[in-house]
Each structure stands twice: as C-alpha cells, then as structure tokens.
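The values are calculated or read from the model by the stated rules, or taken from the named source; none is laboratory data. It should be emphasised that the depicted structure is a prediction, and the values quoted were computed from it without experimental measurement. Backbone-built Cβ (ideal geometry, glycine too); neighbour counts: all protein chains shown. Heads up: the accessible areas ignore ligands, DNA and RNA and are worked out on the full protein's heavy atoms, side chains in. Shrake-Rupley method; radii C 1.70, N 1.55, O 1.52, S 1.80 Å.
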Amino acid sequence: MTESKPAQTRTLPKAKRAFQNAIIAWFSEHAEDYPWRRTHDPYAVLVSELMLQQTQVATVLGRRYFERWLEQFPNVNTLADASEDEVLKAWEGLGYYRRARNLQKAARVVVEQFDGRFPEKLADILALPGVGRYTAGAVVSFAFDQSVAIVDANVARVLARLFDYEGAVDLPAGQQQVWAWAEELVPGDGVRVYNSGLMELGQKICTVRQPNCRECPVFAFCATRVPEQLPVKKPRTSTVFVDEHVVFSRDEDGGILLEQETGKRREGLWKLPEASDPPTGKIVLKMQYSITHYRVTLIVHEVCDAKSRSGRRFSAAALEAIAMSSPYRKALVALLANDDFALN
DNA sequence: TAGTCGTGGTC
DNA sequence: TGACCAAGACT
C-alpha cells in the first residue's frame, strides 16, 4: 500500500470517463441479484429505498420484507387504502417505524396529487414525505435511469478515500463536499448501473474495516494511503444507561394487558404498559436493548390486579396480529415460553 | 444543529 | 461485551 499513486485529486476530472467505466465494468461482473434490482417500477424502488435507509441489505433480505410488502401492497393504491395497523405490522422488526408511515403518506400523495401515476421529476419525488436527497436520487436513477448523483454511507466512504478527505463526512460541510464530488463524477449515461456499482463497491470492496484495495477497480484513482482511517466522522453522543419498568398482567382468561404508544414517533405500536413509580410486583424478566444512544434495561414486573389500568387485553394468539417493536416482542416471547414451561 | 428514531451484525 | 456501523430524514 506504499507504492506511489499515479492519479491524485487534481487529475481525477480528466480521468472521469475512465473512472466511470471502471465502476460500470466492475459492477457488470460483480452485481448481486437483489430483488429490488429486478424491477424498474418507481413505487417498488421507493419501497426498497425506504426499507434500506440506515438498514443493512441482509436485514431486509432476511425476512423477505421487500417481497412480502409488495405482495401485500403491490401498488400505491393498495398502500394508500391500507390501515395504519396493517402498514406497521408489515414493517414490524425493521425499526424506524416513521418510515412506514411516511411511505404510506407518500403513496397517498401520489394517488391524490398525481392521479396515481408516480412522478418522474426529481423535485416532485423529493417533496414526498420521508424522501430526502439520497432517496430521491436513488428513485430517479434506478427507476428512470436519470443522470442524478446519490450519496449514501457507502458512497461517502468511497469518495472520502478517493479524494483523501479528512473532514467529517457527516457534518454539513463534509456532506456538501462529498455531494459536490458525486455530482462531478456522475455520468450522463448508464447512471442506473454506475450508481448501483458505486454503492456496491463501498459495500463489498471499500468496506469500513479492512478495505480490499487489491481488488478495487478504481485503486489507480484513489488518493488516500490510509483508507482504514477514513472517513472521519463526528464524535457520537455517549451511551446513557437507563432502566425501564413495565408490567406483565394476565387476567383469568389469559388476556395480556398492552397499551399503544402515543407520541409522534412510535405511535400505533403496542407495548407492555409502563409500571407505576415506584414499581411493584415480582420481577419476572430482565433484558437489555439499545435505542439510539440509550442502553435500556427492561424490567418486567408481574402484576396480578391491574384491572383498573387502561389499555387492551390480547390473547396469546391475538398477539401475533398486532404491531410491536422488537424489544417488547422478544420480552413477550420469553414470558410466554416461561409460562408454558411452568404449566408442563 | 444536534438529537432522535430500531435493529442486528461485527470485532 | 461494549462500541461502532448501516441503501437517511426530520425537527
């Protein structure tokens, strides 16, 4: 990794065409066969991009979220007409549930403002709820092959290394810089393949740890000698440890008490009810989960007489059909498994 | 603008 | 095991 590099930052524009061709040629050989690459339907592309925001490809592939979503909501009309409960249930386990609500809002905008025909103009797509600069560019380039640049975490990493950029790529100045480079490099033709290739290069070759420079198709264009030290990012807010006390309550018919989250973010998702302060009742489960920078210890108290509490009771079978974030889903699975064991 | 929003994988 | 990270957007 210490040999001299023939191309430096200043010479890259001249070699732009060669850079683009190298990306396109590499991707033609190494492209993964993802389900969202088998379609150019802009709605399907939007679905995949929302699912993939801050979410790894393997997560979306693993439980077939994309395929199941399109089976249940094959077009903007079916999604626009669905209930929020159905939408949240289909999204269960993916996290960032606001994305699911935004996706449905976007479908309703397309139905109401565009007569159900998906817009093709970047500005129209950018105006959809939950769609930012990256997602809008991804939709128009993947669905319509329009020459528009995109920058996600993969592309930002590739560009930071390519130009040996030492500023923080997740601060406004750094974002502005990598977007400017991305726009300078984007080809006039073949953008669908080029954008996919640039992202997949970051995912497969120009990885966060131990980038595989020996197999990189654009190594000759890369300015950095210390790729593993780039990109620089702003420091994270430090982890805060908190305890969360909740209630596990079953009535004589086996109905389990749950309440629905309020507030703007996780609104509509069901959860175990919050315990009184100070909490009472025997502790029947402790588990840990993370949410943003919080490290939460979930402490479940069994409460026998909770008849006066608000909320709704569900049978064990009915629990399957409602939307719940992963920590509470896992807690309930563990609680009911213990219960079955005790009965045997 | 810094904080928020989920989850699972990696080392 | 804890810290980091991911096909970001919003407030």
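Of the residues A:234, A:330, ranked by 1.4 Å probe accessible area with the largest first, the sequence reads A:330, A:234.
Contact order, relative form, for the range A:174-287: 13 percent (alpha carbon pairs under 8 Å, 6 or more residues apart, mean separation divided by residue count).
Computed from point charges on the beta carbon alone (+1 for Lys and Arg, -1 for Asp and Glu), the dipole magnitude for the range A:240-343 about its Cα centre is near 380 Debye.
Compared with the alpha-carbon gap, the fully stretched path from residue A:267 to residue A:208 is longer by 17.8 nm at 0.36 nm per residue. In percent, rounded to a whole number, the relative contact order of the range A:9-229 is 25, using alpha-carbon pairs under 8 Å and six or more apart.
Its alpha carbons considered, the range A:108-192 gives a radius of gyration followed by a Dmax of 14.5, 47 Å.
Could you give the alpha-carbon Rg of chain A over 2.2 N^0.38 Å, rounded to two decimals?
Scaled against compact globular proteins, the figure is 1.19.
A Förster radius of 22 Å, combined with the Cβ-Cβ distance separating residue A:282 from residue A:333, puts the computed FRET efficiency at roughly 0.70.
In the context of the full set of protein chains, the range A:51-120 has a per residue accessible area of 53 Å² (1.4 Å probe). Dipole orientation for chain A: of the candidates A:172, A:93, A:114, A:172 has the Cα lying most toward the positive pole (charges on Cβ; Lys, Arg +1; Asp, Glu -1). For the listed residue pairs A:121/A:264; A:105/A:264; A:286/A:330, the alpha carbons are over 20 angstrom apart in A:121/A:264.
Within the range A:240-343, what percent of beta bridges assigned by DSSP are antiparallel, to the nearest 5?
Bridges in the range A:240-343 that DSSP calls antiparallel: roughly 60 percent.
Under the simplified labelling scheme, the residue A:56-residue A:84 pair shows an inter-label distance of 3.2 nm, with each label point 7 Å from Cα along Cα→Cβ. If I compute solvent accessible area with a 1.4 Å probe over the protein chains, what percent of it on the range A:66-158 is carbon and sulfur? C and S atoms contribute 46 percent here. Across all directions, the shadow cast by the convex hull of the range A:240-343 built on its C-alpha atoms averages 6.9 square nanometres. Among complete DSSP H helices in chain A, those whose alpha-carbon atoms stretch at least 24 Å along the helix's long axis and whose mean Kyte-Doolittle hydropathy reaches -0.5 are A:326-343.
Overall, chain A carries a charge dipole of about 1020 debye about its Cα centre when +1 sits on the Cβ of Lys and Arg and -1 on the Cβ of Asp and Glu, all other atoms neutral.
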